[in-house]
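This report concerns only the one structure given below.
The values are calculated or read from the model by the stated rules, or taken from the named source; none is laboratory data. Model, not experiment: these values are computed from the prediction. As a convention, Cβ positions derive from the backbone with ideal geometry for all residues, glycine included, and neighbour counts pool all protein chains shown. Accessible surface is based on the protein model in full, side chains and every heavy atom, while ligands, DNA and RNA are left aside. Shrake-Rupley method; radii C 1.70, N 1.55, O 1.52, S 1.80 Å.
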Amino acid sequence: MAHLGSARRRALAIPVGLALTASLALLPSVSASAAPLAGSADAATASKAATTGPKLSYVANLNAYATVKAAKKAVERAGGTVVTAYEQIGVVVAHSQNPDFAKQLRAQRGLFVSVGATRTAPMSAVQTTEEGATQRLSEADAAKAAAQAQEGQEPLEPNQWDLRTVKADEAHKINDGSRNVTVGIIDTGVDDTHPDLAPNFSKGQSANCVGGVADTTEGAWRPYADGSDHGTHVAGTIGAPRNGVGISGVAPGVKIAAIKVSEPGTSLFYTEAVVCGFMFAAEKGIEVTNNSYYVDPWLFNCKSDDDQKALVEAIGRATKYAERKGTLHVASAGNSNQDLAAASLEDTTSPNDTTPVTRTIDPKVCLDLPTQLPGVVTVSATGDKGLRSYYSSYGLGVVDVAAPGGDKWQVPATPDANGRVLSTVPGGYGYKQGTSMAAPHVAGVAALLKSAHPSATPSQLQAMLKAQSTKAACPAQIYDATGALINATTCQAKWGQTGYYGHGVVDALKAVK
């Protein structure tokens, strides 16, 4: 998840979740805003700390009784600079060039539960879960679709096989969704000037969280000039309005907001930005977040590693805080075609910001963030034929629901005969495939559910998503990466679920009835 055109995964062990919940319950009552901290007299002692290492970003997670003031002083004594502090969840973001910075803070057990570097590469002045490059919609294909559009359809809707798969076209005849519901797209940024996004865009709930502090200046949430069209594509699938222009989203009546968390140039998604994204969503009253990425630089974060343990703790605190404020999180399962419920997996891509080292991990202990965190809805991808997409990761008891993510081998009977998902991109429209494209369908259905049940909690919304999904049994065959049909021997079924589809494919029509 945390990279453009890459594959990612997710899942969380119960003891950690329980421990996290317990620790948060003990945090002192403090201000509900995250504010940058100024320097103090203790900064003078920082000169004693070494500054010979690369400049790295860190998250420091306070214990139940520590104060931010004390933590700030400890950070400065260790040669660090506080970037921001989230008092609500006891998380401090800091920068330091002291090679022993984390080690020195970890030794202060009266203050910190865990401290870890959010990256392995020095900071410079993303990744997502799409599979392959964007295929731009040609003028000829657009004209062909428009010629076949029926009354009540958007011009490009004949090519949106995915809308019909989740029955969103039928749902729209009943309810398009409420303007009181906002879906926050935590991603690479959204082009809010796009004519098929502008009517539903909420500038007041949008920001750039890169670096760990929310920037709400005009346009800060848009993609970088050298950036990705990923977030804009996700946005269209969720909330493109029915306005006679282009496509329709799953929930065309709700609002969409952009929370940019990907680094310029690399599109990497680091912990400090993602924590900021969840906290911003919580404070801005966003009802649903879409997370089509994994948090860099580790595909899986192992709690046996001091740095990775701290990342799990910090992001877990942020997602839980947002859930308590009423935000449901939806995340993609990843594009590695891996069984996230397996006893072990091989990770050959971590860390992805320096030199990867092959390692064997237990996905029950080493987590794909944020997908495998408790309370997060994990989504696998399907194609037009209803089969699991060849690239989609899966896992019995890990995947919650499935949705259309596209599959170039499952060719639909549409004017363009393109098995990928069509949506908005800066300057026009394009096709993408990936679990990144599946998650926004679920986020859209969740927004319709919230519209119909405004008092529903995140856990209640998740329960309804699962209960209303269309059951899908393990198939006999699926396509592989070459387009060949192979036996679906990796699909397991139990508890009324399957590893490929979880509780089933989400249903927008049931959501509005």
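Which pairs have Cβ atoms under 7 Å, sit 6 or more apart or on different chains, and link a residue in segment 238-251 that is within 13 Å of GLU154 (Cα to Cα) to one that is open to solvent by 10 Å² or more (accessible area, probe 1.4 Å) and among the basic types (Lys, Arg)?
Close Cβ pairs (under 7 Å, with a partner that is open to solvent by 10 Å² or more (accessible area, probe 1.4 Å) and among the basic types (Lys, Arg)) amount to SER248/ARG242.
It is to be established whether one or more residues within segment 196-212 are at pLDDT 95 or above, surrounded by fewer than 19 Cβ atoms within 10 Å (Cβ to Cβ) and in a loop (DSSP other than H, G, I, E, B).
The answer is no, given that none of the residues of segment 196-212 is at pLDDT 95 or above, surrounded by fewer than 19 Cβ atoms within 10 Å (Cβ to Cβ) and in a loop (DSSP other than H, G, I, E, B).
Looking for whichever is at pLDDT 95 or above, open to solvent by less than 30 Å² (accessible area, probe 1.4 Å) and small (Gly, Ala, Ser) here; the options are ALA171, ALA107. Which one fits? Quick ask: steps written out before the conclusion?
Details: ALA107 fails: open to solvent by less than 30 Å² (accessible area, probe 1.4 Å).
Result of the check over ALA171, ALA107: ALA171.
Just checking, how many residues over segment 55-79 are hydrophobic (A, V, I, L, M, F, W, C) and assigned to a helix (DSSP H, G or I)? Please lay out each step first, then the result.
Of the residues in segment 55-79, the ones hydrophobic (A, V, I, L, M, F, W, C) are 56, 59-60, 62, 64, 66, 68, 70-71, 74-75, 78.
Now restrict to residues that are assigned to a helix (DSSP H, G or I): 68, 70-71, 74-75.
Of the residues in that region, 5 qualify.
Of the residues that sit in segment 239-284 and are surrounded by 24 or more Cβ atoms within 10 Å (Cβ to Cβ), more than 24 Å from ASP226 (Cα to Cα) and of a type in the set (Val, Ile, Thr), which one is farthest from the chain's Cα centre (by Cα)?
Ranking the qualifying residues of segment 239-284, first place goes to ILE247.
Go through segment 87-96 and give me each residue that's of a type outside the set (Asp, Glu) and either open to solvent by 10 Å² or more (accessible area, probe 1.4 Å) or assigned to a helix (DSSP H, G or I) (or both).
Just the residues of segment 87-96 that are of a type outside the set (Asp, Glu), to begin with: 88-96.
Within segment 87-96, GLN88, HIS95 meet the criteria.
State the number of residues belonging to segment 174-190 that are out of contact with any strand residue (DSSP E or B) (no Cβ under 8 Å at 6 or more places or on another chain) and buried (at least 24 other Cβ atoms within 10 Å of the Cβ). Working first, answer last.
If we filter segment 174-190 for residues that are out of contact with any strand residue (DSSP E or B) (no Cβ under 8 Å at 6 or more places or on another chain), which is where we start, we get 174-178, 180.
Add one more test, that the residue is buried (at least 24 other Cβ atoms within 10 Å of the Cβ), and what stays is 177.
Selection size over segment 174-190: 1.
So if I check each of VAL357, VAL376, which one is over 18 Å from GLY444 (Cβ atoms), among the hydrophobic types (A, V, I, L, M, F, W, C) and either buried (at least 24 other Cβ atoms within 10 Å of the Cβ) or over 22 Å from the mean Cα position of the chain (by Cα) (or both)? Show your work before the answer.
Values: VAL376 fails: over 18 Å from GLY444 (Cβ atoms).
After ruling out the rest, the residue left standing is VAL357.
Residue check: is GLU323 surrounded by fewer than 24 Cβ atoms within 10 Å (Cβ to Cβ), outside any strand (DSSP E or B) and under 15 Å from the mean Cα position of the chain (by Cα)?
Values: surrounded by fewer than 24 Cβ atoms within 10 Å (Cβ to Cβ): yes; outside any strand (DSSP E or B): yes; under 15 Å from the mean Cα position of the chain (by Cα): yes.
Criteria met by GLU323.
Step by step: first the residues of segment 384-406, then only those that are hydrophobic (A, V, I, L, M, F, W, C) and surrounded by 24 or more Cβ atoms within 10 Å (Cβ to Cβ), then the one that is farthest from ALA508 (Cα to Cα). Which residue is that?
Applying the first criterion (hydrophobic (A, V, I, L, M, F, W, C)) to segment 384-406 yields 387, 396, 398-399, 401-403.
Still in the running and surrounded by 24 or more Cβ atoms within 10 Å (Cβ to Cβ): 398-399, 401-403.
Values: VAL398: 22, VAL399: 19, VAL401: 13, ALA402: 13, ALA403: 11 Å.
If we take residues in segment 384-406 being hydrophobic (A, V, I, L, M, F, W, C) and surrounded by 24 or more Cβ atoms within 10 Å (Cβ to Cβ), then VAL398 is farthest from ALA508 (Cα to Cα).
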